[in-house]
Amino acid sequence: MTKTKLTFFIPDLDNPIELPFITAGIKAGFPSPAADFDETKISLDAVLVKNREATFYAKATGTSMIGAGIDDEDILVIDRSLEPRNNKVAVCYIDGEFTVKRIKVTKDGVLLMPENKAFEPIKITEENQLIIWGIVTHVVKRL
């Protein structure tokens, strides 16, 4: 099985940090001379967290999900209130270990799919103990 280490954090929604937010968007082409900062503020917790009681952050390690845009040391936003569904990226607790994989439901059963060809899918059997711990809703990256 592909080992993935996750470090979990609870969002501190009682003390949000509000930072300046450019509401007009930033063009990737030529800059607009009229685009100045306005006084709008944003808290990323308020944008990323939809269900306060069921949301956690986790730092991912490993490269098994790079094709899904999850790189080593990215921060995952995980909502435990969402239903697991086919093709969703989920934090799974399987046989005593956490891993992040895409859920694939087939007529033959459930697979936990990596998004890196260097890793093999995990076929869930009756011998496995699997808990879909939560669904990944956002990924926070460092460039």
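General observations
- One way to sum up the overall shape of the stretch 74-143 is the equivalent ellipsoid from its Cα gyration tensor, whose semi-axes run 20, 14, 12 Å, largest first.
- Of all accessible heavy-atom area on the stretch 39-108, the percent that carbon and sulfur account for (1.4 Å): 48 percent
- Set LYS41/LYS88; LYS104/LYS141; LYS88/LYS117 screened for pairs whose C-alpha atoms are more than 20 Å apart: LYS41/LYS88; LYS104/LYS141
- Rounded to the nearest whole Hz, the Karplus-based 3J(HN,Hα) values (6.51 cos²θ - 1.76 cosθ + 1.60, θ = phi - 60°) of the stretch 98-109 follow the sequence 8, 8, 10, 8, 8, 7, 10, 9, 10, 5, 8, x, with x at glycine and proline.
The values are calculated or read from the model by the stated rules, or taken from the named source; none is laboratory data. Model, not experiment: these values are computed from the prediction. Heavy atoms of the whole protein, side chains included, go into the accessibility calculation; ligands, DNA and RNA do not. Shrake-Rupley method; radii C 1.70, N 1.55, O 1.52, S 1.80 Å.
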